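Worksheet: the structure to be examined is printed underneath.
The values are calculated or read from the model by the stated rules, or taken from the named source; none is laboratory data. These figures come from a predicted structure and were not determined experimentally. Cβ sites come from the backbone with ideal geometry, for glycine too, and all protein chains shown count toward neighbours. Surface accessibility is based on the protein's heavy atoms, side chains included, excluding ligands, DNA and RNA. Shrake-Rupley method; radii C 1.70, N 1.55, O 1.52, S 1.80 Å.
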Amino acid sequence: MESVSACSKLNKTLRQHYLNLPQGGKCQVTYIWIDGSGEGLRNKTRTLDEEPKSIADIPEWNFDGSSTDQSKGSNSDMYLVPVQMFRDPFILDPNKLVLCEVLKYNREPAETNRRISCNKVMEATKEHCVWFGMEQEYCLLSMDRYPYRWPKGGFPRPQGPYYCAVGADCVYGRDIVECHYKACLYAGIKICGTNAEVMPGQWEFQVGPCEGIDVADHLWVARFILHRVCEDFGLLATMDPKPMEGNWNGSGCHTNVSTKQMREEGGLKYIEQAIKKLSQRHQEHISVYDPHGGEDNKRRLTGHHETANIEVFSHGVANRGASIRIPRQVGQDGRGYFEDRRPAANCDPYSVAEAIVRTCLLEGEDGE
Amino acid sequence: MATSASACLSKVVKQRYMELPQGDKVQAMYIWIDGTGEGLRCKTRTLDSEPKSIEDLPEWNFDGSSTSQSEGSNSDMYLIPAAMFRDPFRRDPNKLVLCEVMKYNHKPTETNLRLACNKVMDMVKDQHPWFGMEQEYTILGTDGHPFGWPSNGFPGPQGPYYCGVGADKAYGRDVVEAHYKACLYAGVDICGTNAEVMPAQWEFQVGPTEGIKMGDHLWVARFILHRVCEDFGVVASFDPKPIQGNWNGAGCHTNFSTKEMREEGGLKAIEESIERLGKRHHYHIRAYDPKGGLDNARRLTGRHETSSIHEFSAGVANRGASIRIPRSVGQEKKGYFEDRRPSANCDPYAVTEALIRTCLLAEEGEEPTEY
């Protein structure tokens, strides 16, 4: 089997000729939503008669939920409700990408629409000005689903030289990363950095600092853009938390959190209070930190490869083997933020952000 | 890989020539439907100045014996310009011109279904019939196998491909993006696209468009698709069941409304139309593919989100029915309905004419009424 897809070999000069065609005043709007798996993204496009200036100008739409595991064929219509608009880095201005919430036929949220309850919790705590930064790790795969550029039927040299590396013997697929970064900046995603990761072919980008629900909206669209860039190159991106068994790192989505109080003088005491509350609800958090109730993370959170053991909650300054890490600088300044290292790379950021805010800020809240 | 030889010709070289100025001369590409009722043909002529409207375009003719439309001994056939669009391949000021075909005696050819459709649309123009057609199609390599599928084999089962993103889910998006832009440039009323349930299967939607324009715009959108695929070296197929087995077929779901249906209480007019359609199922089935229903017999099985070809059914939000009333229409009690029976290779003139005859002219029975 070929490493790259057939479509990536279609003539791109030719494609550019078509994409350069003027489109009058019409605007192409691509609606993006999360499907029934809670991990997959779907999209379709419509023409609007003029460029929408804000989300309010974008109409609701609907789709066939029986084709995305979200409803039955006999009652299949589901609603798409636009929530955030971005510029389209593939077909360019004035065209848009629009992230949507999904509602069932009776306008109740779909099972994998976790945004609705996250939004309620963010609204209830907005005076705390909660900021998030999420570090999305992922691996590049060839079309045969083996890691990109790994020798077929074999392995590269062991981990060590690859993290933040340069050079063709250590860096696999930088083109995708560079293109994804530019595309996100163009689109208006709050992407704040990238680096090569410990496993060859593994990369990370960071989204944030964002207040409240924005971190999750921006992260979902950043993931869409990543899959779309990889599609263009004819490769795959996987957010599986443990793509290769053995002495190879897994992929997480470390989540950095702070409130206004934590960021001010003496904030360390609020960070420590939050960590104490988190320590009392470890299993509840683990169950929402991947889309399978913690089963995915079991393969990753082993206590090795810079992870904490899934069974035990721990924390420490500058400790990458702990569930929660307080950065050394924060320890020294006495204020700042903390990093929850438990979420898996394929987590739903709405569920992660909601759980953290509930536990740390909404006292007396029980369950999920 | 199964793309054509001409796709490998240098597009950079081509671009140099395509950029050459042409003075005031204009290239007009005449497009027509051939004797199969599914195939499209085209040829180009130079005009001395840019035509401002369809009236500025002269009639032309062609050799019908080469397109299964006449005998060699009496082969001239007439091309009558019917609708004009900007040319997205050669760009302004050049044009694409959709034509009707007439025989030597100025009667319409067997596959010129536009003439009869236009007469019927004229009769009901006060009701402002709007259509939206959802054209499904499959991208194939030049070896006839779906594009991106492993050679001699199949991809993983359906599920992840509908509206998918990623190289393992979306096969051939370049073609779709190029086609969408080309249609917008040309002035075709293209209103959306999405990846379909089978990998390498896609859909675009044309509409809402009134009357005869539905057929015109859809035929030109199909021409543009074939032309874009030709450039990329792949092939678009409108076969309604390209792959046997647990793989979706390709349809051309047709959405329909009149002014009355779109206004307050319009649901009543929708239900009346559906009742009339329910009594004329076989008449419509014969009009809904170019082989009197034989093509659709391979697709309308009752599985893969189709209704059975043998029975008529209707339901709100029901994708297994012949007619689906969208959920929002059921709630607002006005809007439109969707006829899910037409095949991907249908003639949109035949489909839209049949809907008008049954729903608005209240015809019954197996034959169309002569007016």
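Quick notes on this one:
- As for the stretch B:67-89, it holds no residue that is closer than 30 Å to residue B:14 by Cα, charged (D, E, K, R) and modelled with pLDDT under 95.
- Counting only residues that are closer than 19 Å to residue A:349 by Cβ and open to solvent by 10 Å² or more (accessible area, probe 1.4 Å), the stretch A:216-251 holds 8 of them.
- Any hit, the stretch B:222-242, residues being free of Cβ contacts under 8 Å to residues at least 60 places away in the same chain, under 28 Å from residue A:3 (Cα atoms), open to solvent by 10 Å² or more (accessible area, probe 1.4 Å) and within 14 Å of chain A (Cβ to nearest Cβ): no
- Of all the numbered requirements in (1) open to solvent by less than 10 Å² (accessible area, probe 1.4 Å); (2) assigned to a helix (DSSP H, G or I); (3) within 11 Å of chain B (Cβ to nearest Cβ), residue A:66 misses one, and that requirement is (1).
- Boolean, residue B:254 is at pLDDT 95 or above, more than 14 Å from chain A (Cβ to nearest Cβ), within 24 Å of residue B:158 (Cβ to Cβ) and not in a loop (DSSP other than H, G, I, E, B): yes
- Residue tally, condition surrounded by fewer than 21 Cβ atoms within 10 Å (Cβ to Cβ) and in contact (Cβ under 8 Å) with a residue 60 or more places away in the chain, over the stretch A:102-121: 3
- Subset tally (residues that are open to solvent by less than 10 Å² (accessible area, probe 1.4 Å) and hydrophobic (A, V, I, L, M, F, W, C)) for the stretch B:271-284: 1
- In a residue-by-residue description of the stretch B:304-311, the property of being at pLDDT 95 or above and more than 14 Å from chain A (Cβ to nearest Cβ) applies to no position.
- Selection over the stretch B:23-62 of residues that are closer than 29 Å to residue B:137 by Cβ, in contact (Cβ under 8 Å) with a residue 40 or more places away in the chain and assigned to a loop (DSSP other than H, G, I, E, B) gives a count of 6.
- A single member of B:172, B:141, B:132, B:148 is at the interface with chain A (Cβ under 7 Å from one of its Cβ atoms), open to solvent by less than 20 Å² (accessible area, probe 1.4 Å) and not polar (S, T, N, Q), and it is B:172.
- For the stretch A:69-84, the candidate set comprises residues that are polar (S, T, N, Q) and within 7 Å of chain B (Cβ to nearest Cβ); within that set, the residue that is farthest from residue A:32 (Cα to Cα) is A:74.
- Boolean, residue B:162 is in contact with a Ser or Thr (Cβ under 6 Å, 6 or more places away or on another chain), open to solvent by 10 Å² or more (accessible area, probe 1.4 Å), within 11 Å of chain A (Cβ to nearest Cβ) and among the aromatic types (Phe, Trp, Tyr): yes
- Residue in the stretch A:228-244 that is among the basic types (Lys, Arg) and more than 20 Å from residue A:43 (Cα to Cα) present: yes
- If you check A:130, A:102, A:166, A:98 for being β-branched (Val, Ile, Thr), out of contact with any Asp or Glu (no Cβ under 6 Å at 6 or more places or on another chain) and at pLDDT below 95, only one passes: A:166.
- Filtering the stretch B:1-26 to residues that are open to solvent by less than 60 Å² (accessible area, probe 1.4 Å) and not small (Gly, Ala, Ser) leaves B:3, B:11, B:26.
- Going through (1) surrounded by fewer than 18 Cβ atoms within 10 Å (Cβ to Cβ); (2) within 21 Å of the chain's Cα centre (by Cα); (3) of a type in the set (D, E, K, R) one by one, residue A:277 falls short only on (2).
- Matching residues in the stretch A:107-159 - criterion: being within 30 Å of residue A:336 (Cβ to Cβ) and basic (Lys, Arg): A:114, A:115, A:120, A:126
- Test: residue in the stretch A:291-307 that is of a type outside the set (Asp, Glu), open to solvent by less than 70 Å² (accessible area, probe 1.4 Å) and touching an Asp or Glu at 6+ places or on another chain (Cβ under 8 Å): yes
- The combined condition, being of a type in the set (Asp, Glu), outside any strand (DSSP E or B), at negative phi and more than 9 Å from chain B (Cβ to nearest Cβ), is fulfilled by residue A:39.
- Condition check for residue B:294: in contact with a His (Cβ under 8 Å, 6 or more places away or on another chain) and either within 14 Å of chain A (Cβ to nearest Cβ) or hydrophobic (A, V, I, L, M, F, W, C) (or both): no
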